[in-house]
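Asks: Just dropping this structure here.
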Amino acid sequence: MKRFLFAFAFIALAASAQAQCSMCKATVTNNTGGLNMGAGINDGIVYLMLIPYIILMIFFRKRIVSGFRQLLALWK
């Protein structure tokens, strides 16, 4: 349950990140849509950025967990 809450919080916080490149931001702010359109494009960029990482975490979760366990064992 803690893992689920951590993953949910991580995704929720990442969604509010500002992930526009300078070209995208300049194009959107010069558009007549203004800030509302810019916020929508920013959310779309973050969404597209997160999906591959989520898919990789699902496929390689056992390997990731074992790697973290080995790192923790080395630190002890």
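Asks: Please give the contour-minus-distance gain from LEU56 to ARG3: 0.36 nm per residue of separation, less the Cα-Cα distance, rounded to one decimal in nm. Walk me through the intermediate numbers first.
Replies: On the way: separation 53, 0.36 × 53 = 19.08 nm, distance 1.66 nm.
Here the segment from LEU56 to ARG3 would lengthen by 17.4 nm.
Asks: Could you work out how much longer the chain between LEU72 and PHE10 gets when fully extended? Use 0.36 nm per residue separation minus the Cα distance between them, nm to one decimal. Could you put the intermediate results ahead of the total?
Replies: Working: separation 62, 0.36 × 62 = 22.32 nm, distance 2.15 nm.
Contour length minus Cα-Cα distance gives 20.2 nm.
Read-outs throughout are calculated quantities, based only on the coordinates presented, and are distinct from any laboratory measurement. As the structure is a prediction and not an experimental result, all values here were calculated from the model.
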